[in-house]
Amino acid sequence: MKIAEYTRVLSYVFPIVLRRGSSAYNPLLELILYRNQLQLATEDALYSDGKRYRPLVMAFNSIRERLVNVQQVLALGTGIGSIVQILNKMGHYPSFTLVDKDSMIIDWASEILKDFSANKNLTLVCADAADYIDIAERKYDMVVIDIFNSRVVPQFVTGTAFLEKCRRRLNPGGIFILNYIVSDEPGWQEVYANLENVFHSIRVLSNDMNRIIVATA
């Protein structure tokens, strides 16, 4: 995506809306440039924040020594590809499969990631994550779940059935990452219990209301 240099400079002063759209799943989507990083925003949530996307930065920093063995990555919930940008910045260039049910997000991500994925080993899929996990044939070294409706994680994401399917898509010792927002403590305890039933070596990282789960298959 070509962005004028003066626009990049101005973005350090205030956020600049580069593009605005509406889709079947998101009444408002905005592509924003802020401090020279592209962001994807809805009316009340930030879905991507370039290389600064805090949940994934925290997750990857916590497993930095294991990233060298990650060759195949499945991301359910694409945003505009912060996962690609962050791992590339850290010097890792695995094969990525990015899945999102919103075709507008997929289109924007495809355009933006042409500038970031150094090895171009990137597949974008427009599909519902709940359906895709059923038909996926490949196994992965890492599965990352970053799915929200506004600020709410859909209920199916934290159900045991879906989590089991994600685990089966992982190679032995593979890494599972889930970005979750806690809205109430009993709900979070139920989610954690489901994760414990499916995965090993669960680590929880906290970032305000976010809980970033890093687990091993």
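The values are calculated or read from the model by the stated rules, or taken from the named source; none is laboratory data. Computed from a predicted model, the values in this text were never measured in an experiment. As a convention, Cβ positions derive from the backbone with ideal geometry for all residues, glycine included, and neighbour counts pool all protein chains shown.
For the reader, a short list of remarks on this structure follows.
- Counted residues, the stretch 82-140 - those being free of Cβ contacts under 8 Å to residues at least 60 places away in the same chain, acidic (Asp, Glu) and under 22 Å from Asn36 (Cα atoms): 1
- Scanning the stretch 177-201 for residues that are surrounded by fewer than 15 Cβ atoms within 10 Å (Cβ to Cβ), among the hydrophobic types (A, V, I, L, M, F, W, C) and assigned to a strand (DSSP E or B) yields nothing.
- Any hit, the stretch 116-133, residues being surrounded by 20 or more Cβ atoms within 10 Å (Cβ to Cβ), more than 17 Å from the chain's Cα centre (by Cα) and assigned by TED's automatic domain parsing to the domain that holds Leu56: no
- Pairing residues of the stretch 1-20 that are touching a residue at least 24 places away in the same chain (Cβ under 8 Å) with residues that are aromatic (Phe, Trp, Tyr), at Cβ distances under 8 Å and at least 6 apart in sequence or on separate chains, gives Ser11/Tyr34; Pro15/Tyr34; Arg19/Trp108.
- Those residues of the stretch 167-190 which are free of Cβ contacts under 8 Å to residues at least 60 places away in the same chain and closer than 23 Å to Tyr53 by Cα, in sequence order: Gly174, Phe176, Leu178, Tyr180, Ile181, Val182, Ser183, Trp188
- Residue in the stretch 143-158 that is more than 17 Å from Tyr47 (Cα to Cα), out of contact with any strand residue (DSSP E or B) (no Cβ under 6 Å at 6 or more places or on another chain) and modelled with pLDDT of 95 or more present: yes
- In the condition set (1) over 22 Å from Ile212 (Cβ atoms); (2) surrounded by fewer than 20 Cβ atoms within 10 Å (Cβ to Cβ); (3) among the basic types (Lys, Arg), Lys89 is compliant with all but (1).
- Elements of type strands (runs of 3 or more DSSP E) in the stretch 1-119, at least 3 residues being of a type in the set (A, V, I, L, M, F, W, C) and either at pLDDT 95 or above or closer than 22 Å to Phe148 by Cα (or both): 16-21, 29-34, 37-41, 72-76, 95-100
- Gln72 vs. criteria in contact with a strand residue (DSSP E or B) (Cβ under 9 Å, 6 or more places away or on another chain) and under 30 Å from Ile202 (Cβ atoms): yes
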